[in-house]
Amino acid sequence: MTLKRFVRNGKVWGLAAAAALEVVFGAWDASAQEVMSPMQSAAPVTPAQPQPAPLPAAGAPIILDGTPVVEGCPKPEEAKSVWAKVPPITPLPRAGEFLIAPQGKGTYSALDCLTGVEREKRPVQPYGAVSITQNSFFDADFRYLDKPDNQQTDFFDPLKRIPLGDNFLLTIGGEERLRYINEVDSRLSGRDNNYLLTRSRVYADLWYQDVVRVYAEYIDAQTSWQDLPPLAIDRNRSDFLNLFAEVKVAEIDGRPVYVRGGRQELLYGSQRLVSPLDWANTRRTFQGVKGYWHGDKLDVDLFWTQPVTPDPSHFDSSARKQNFSGAWLTYRPVKGQSVDLYYLNLDQALHVARGERGVLGAFNVSTFGARYSGDYENVLFDFEGMYQFGPWSNQEISAGAFTTALGYNFADVPFTPQIWFSYDYASGDHNPGTTDTHGTFNQLFPFGHYYFGFIDVVGRQNISDINGQVVFWPAKWVTCLAQYHHFRLDSAKDALYGAGGQVVRASRPRASGDVGDEIDLVTNLHLTQHQDVFIGYSKLYAHDFIKRTGSPRSPEYFYVQYSFKW
């Protein structure tokens, strides 16, 4: 593939132009703020004379300050109060082995360094400060723009929180993303794979007061130059990632109850079981109904959905014979700590489950789980356990998984290093197809890429993982992370399952459960408020199970990702 074919892609030109504009306007804005600061003004400024308020139209009612009021519309102070609660943001819950980013005075982007800007504190970052966007765009919080004392300005501010009359509020945004990948022994296939992934997202979020919301998000995901057949998550041409409406149906204890219907992303807790999976080129979404009430310390969510399957040739549709429902409660006893209690149910009517004596049938897996995570005086902790039961073809499910993780945040040490030590376990089947019990844990819809190595050949099924993580910030805009994993199968008679739950390698006689050791090295460069570069290298050192069940090579994974969020 020649460079000319790459440059012909209009998306590359668009990204380059947008990046250049942001650097130019960002540098100008920083310089303007520095030159026009009150301490450096060269000449006194004559205050503007107050102007009389315009007279209202004949017959229009007025309030004390002389502002006209239109019947049926909220008063200005009421409208301001309404928009302060719109949208009802769901803060991103901490993932496992979570990071606590450095705060305080400093430079928070490469552009800050170039323009000599030193900020008193970390700026508001609605999309986050790294290339991977875990939360959904419909939970991005731009309400800081409404504050009278807001000093954080941006080239794209006019696209956010646009008032349409007195009752409507519109926000527009999106993302462009490119990722180059070089895989050695891709997917443990014995073949190498070099390719490019591109993704475009555009969204519009429209509110009528705090009562009705309509949200639409477009996605176009493409792949080029692959040496292997593309994965299902690599492509999705011109489709809707999210398309829903939600309505406020009640208020409990002064907080609204919303019901949301349509296509929507789901994200809960540690994302070990439910995640949009931003690493995928397509992101994961569902179709159905969700109701939620979020209070000061307690959140309650109920949902019934069907997973949406990406189709690069047609408009995506939901899996009609697969239903995913659940109830999720989150309690925050003190700041920085949370407790999750949940029940999830996945029902599959298609006969895809292989049971005793190889009989194919449907399955229904119920998951009860609990998690306690947080930090206390720089000590970090994360404990989560899950148990599953239900019918599996002609068997009964009895499976489980748990995580134990402890860490420490060296908050007063240069580079703010943080360390984690964790143990992850998910049960396997010790007698596959020969008893009336199915013991392999079902990982449901996880953010597996983060938890079991970035090469994605290991998932939360039939696995034992002793792992460690170190993260540090050489500068407040540079994030460096390293992970180590030691993988063993819970049952050598069961299979090795990948990050998507698929069988990567089936068991063979005389193969032990020793899968291998993986290292993952990642660096994120936060260039500007909108731009990030994400660079990573991973290698899985193959041990006995991999060497005896197929290609004995040790896979490697190198990637460079550029993202522009606006």
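Computed from the C-beta positions of Ala245 and Lys297 and an R0 of 30 Å, the FRET efficiency is 0.55 to the nearest 0.05.
How large is Rg/Rh for segment 252-393, to two decimals, with Cα atoms and a Kirkwood Rh? Present the calculation step by step, with values, prior to reporting the outcome.
Values: Rg = 17.5 Å, Rh = 17.1 Å.
We get a ratio of 1.02 for segment 252-393.
Which distance in Å, rounded to a whole number, links the C-alpha centroids of segment 204-225 and segment 466-538? Taking the Cα centre of each part, segment 204-225 and segment 466-538 sit 31 Å apart. With all protein chains kept in place, the per residue accessible area of the chain amounts to 46 square angstrom at a probe of 1.4 angstrom.
Per the Debye calculation on the chain with a single equal scatterer at every Cα and no solvent contribution, log₁₀ I(q)/I(0) for q = 0.11 Å⁻¹ amounts to -1.13. Taking 0.36 nm per residue of separation and subtracting the current Cα-Cα distance, fully stretching the chain between Arg510 and Leu228 would add 98.5 nm.
Tell me which GluC sites (Glu not before Pro) from segment 305-392 have a DSSP coil assignment and no more than 10 other beta carbons within 10 Å of their own. Working shown, then result.
Values: sites: Glu356, Glu377, Glu384; in loops: Glu377.
Within segment 305-392, the qualifying GluC sites (Glu not before Pro) (loop, at most 10 other Cβ atoms within 10 Å) are Glu377.
Working ranking of peptides 250-256, 494-500 by packing, defined as the average number of other Cβ atoms within 10 Å per residue, highest first, is 494-500, 250-256.
Which of the pairs Lys160/Lys290; Lys297/Lys335; Lys147/Lys476; Lys85/Lys160; Lys160/Lys248 have their Cα atoms more than 19 Å apart in this structure? Don't jump to the answer; show the numbers that get you there.
On the way: Lys160/Lys290 26 Å; Lys297/Lys335 9 Å; Lys147/Lys476 26 Å; Lys85/Lys160 15 Å; Lys160/Lys248 22 Å.
From the list (Lys160/Lys290; Lys297/Lys335; Lys147/Lys476; Lys85/Lys160; Lys160/Lys248), the Cα-Cα distance tops 19 Å for Lys160/Lys290; Lys147/Lys476; Lys160/Lys248.
With the cut-off at under 19 Å, measuring from each backbone N in segment 266-286 to a point 7 Å along the Cα-to-Cβ line of Thr309 picks out 281-286. Counting Lys and Arg as +1 and Asp and Glu as -1, each charge on the Cβ, what is the dipole of the chain about the Cα centre in debye, to the nearest 20? I would put it at about 1240 debye. Straightening the chain between Phe415 and Val352 buys 17.7 nm, computed as 0.36 nm per residue apart minus the Cα-Cα spacing.
Using a probe radius of 1.4 angstrom, the carbon and sulfur fraction of the accessible surface of segment 100-226 is 56%.
Please work out the FRET efficiency for the pair Phe368 and Gln337, using the Cβ-Cβ distance as r and a Förster radius of 25 Å; give the result to the nearest 0.05. Intermediate results must be reported in sequence, preceding the final value.
Working: r = 21 Å, r/R0 = 0.85.
That pair, Phe368 with Gln337, gives E of 0.70.
Subtracting the Cα-Cα distance of Ile100 and Asn167 from their residue separation scaled by 0.36 nm leaves 20.3 nm. Prolate is the label for segment 456-507. Its Cα gyration tensor axes, ordered a ≥ b ≥ c, give a/c of at least 1.5 and a/b above b/c. Counting protein heavy atoms only, segment 346-397 has 62 percent of its accessible area on carbon and sulfur, 1.4 angstrom probe. In straight Cα distance, which aspartates and glutamates are under 14 Å from Lys539, not counting same-chain residues fewer than 8 positions off? Result set, ordered by chain and number: Glu183, Asp185, Asp192, Asp456, Asp517, Glu518, Asp520, Glu556.
Computed from label points 7 Å out along Cα-Cβ, the spacing between Gln152 and Val478 is 2.4 nm.
Qualifying trypsin sites (Lys or Arg not before Pro) in segment 277-311, where qualification requires a DSSP coil assignment and no more than 13 other C-beta atoms within 10 Å, comprise Lys297.
Rounded to the nearest 0.05, what FRET efficiency do Leu196 and Leu521 have when you use their Cβ-Cβ distance and R0 = 30 Å?
Numbers: r = 21 Å, r/R0 = 0.71.
Taking R0 as 30 Å, the efficiency between Leu196 and Leu521 is 0.90.
Remark on segment 112-182: hydrodynamic radius 14.8 angstrom, per the Kirkwood mean of 1/r across alpha carbon pairs. The peptide list 159-168, 366-375, put in order of mean Cβ contacts within 10 Å with the highest first, becomes 366-375, 159-168.
The values are calculated or read from the model by the stated rules, or taken from the named source; none is laboratory data. On a predicted model such as this, the values are computed, not experimentally measured, just so you know. A quick note on method: Cβ atoms are made from the backbone with ideal geometry, for glycine too, and the neighbour counts reach across all protein chains shown. With ligands, DNA and RNA removed, areas are computed over all heavy atoms of the protein, side chains included. Shrake-Rupley method; radii C 1.70, N 1.55, O 1.52, S 1.80 Å.
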